[in-house]
Structure formats: C-alpha cells, structure tokens
Amino acid sequence: SQSDVMDLISYIRDNAESLGIDKDRIILWALSAGGIFLSQPLQQPHPYIRSIVAYYPELDLQNQRKAAPASVTDETLREVSPVHHLGNKEKNVPPLFIARAGLDDAELNSGIDRFVQLALSRNLTVDVVNHATGHHAFDIEDDNERSREIIKRTIEFIKVNSR
C-alpha cells in the first residue's frame, strides 16, 4: 500500500492538464492512520512535493509491537513509520505542518512528538500546532475557535509553501 501513494501522485502528474492542476506543486495532506502513507514520500522526496500537512497523524509504529499482530514484523513496523525515514540527513524533506490533538491517544501523540523532535534535530522546516483541548479529528469533531484557527494556519502554510 505504500507504493499506492506514489502511484497516485504519478497519475495526478501524468494527468495534471485534464485535472486542472500544476504537476510541479503537489501538497500531501494526511490524517490519522493515513500518516503512515507519508513514509514513501519521505523516503524518496521529490521537488514537486512542495509540502506535507499531517493532522493527528500516526508517524511512528516502531514502539507498537504489543498492538501489532504477530504476523507484522519489526522491520515492517519500522518501514511504515514516517519517523524512520527522517533519519537520512541527505534527503531534501519538504516543509512540514503537524497538527496535534492534545486529548488524543497518548501513544499516538508520543509518536508525533518523536517525529517532531527528529525533524527539529535535523533543522527541517516544521510548523507544529497543538490543540490542547482537541480530540482526534478535532477539525470535524471540535467546532471551536482553536480548530478554526488551526485550519486557517494550515491554509496559510499551504499557500506559502506551494509557490
């Protein structure tokens, strides 16, 4: 399934004219468990991926051995963990926008925190927002000023980083 994202990006770029988009200005936006699908674009970044947005994303499965079925190997948990693919300093990682929900699952948030710490240690461009009273899926579950503020900041981030 990891290659599905790259296949979709290829399809979009190949059909950009008929879709009415700029094939050289792609923004990836992942939510929740969809965060694991950022592994491939982080492993093999391309200049046409201008930025990555992730809301309450699953970014590190490496420490979830207990929760994973026995048939899922440690190697698989590592390979589908976006945090694993930030380790190579030679990669040109696009700007990142991470939105965290303070009332989300503690294990999910600790994975986000590890990802952010690694991104910062690599001196990557990363904008992090925390919705302290936000639940998982705050953008649809929590109709409040903080949710609207985060959505507005996300749109501004995309505008700035898609030029």
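Of note:
- Filter result for the condition that a residue is at pLDDT 95 or above and not acidic (D, E), over A70, A132: A132
- Picking from residues in the range 1-49 that are farther than 18 Å from V93 by Cβ and basic (K, R), the one that is least open to solvent (accessible area, probe 1.4 Å) is R13.
- Look at the range 56-83: where a residue is closer than 20 Å to V116 by Cβ and free of Cβ contacts under 8 Å to residues at least 40 places away in the same chain and a partner is open to solvent by less than 30 Å² (accessible area, probe 1.4 Å) and of a type in the set (D, E), sitting 6+ places away or on another chain with Cβ atoms under 6 Å, you get V83/D60.
- Take the conditions (1) closer than 13 Å to P57 by Cα; (2) assigned to a helix (DSSP H, G or I); H135 misses just one of them, which is (2).
- Positions within the range 140-150 being within 13 Å of A101 (Cα to Cα) and either part of a helix (DSSP H, G or I) or touching a Leu at 6+ places or on another chain (Cβ under 6 Å) (or both), in sequence order: I140, E141, R146, S147, I150
- Subset of the range 1-38 [modelled with pLDDT of 95 or more and of a type in the set (F, W, Y)]: Y11, W29
- Which numbered condition R122 fails, given (1) within 17 Å of the chain's Cα centre (by Cα); (2) of a type outside the set (D, E); (3) modelled with pLDDT of 95 or more: (3)
The values are calculated or read from the model by the stated rules, or taken from the named source; none is laboratory data. As the structure is a prediction and not an experimental result, all values here were calculated from the model. When we count neighbours, we look across all protein chains shown, and the Cβ atoms used for this are built from the backbone with ideal geometry, even at glycine. Calculation scope for accessible area: heavy atoms of the full protein, side chains included, ligands and nucleic acids excluded. Shrake-Rupley method; radii C 1.70, N 1.55, O 1.52, S 1.80 Å.
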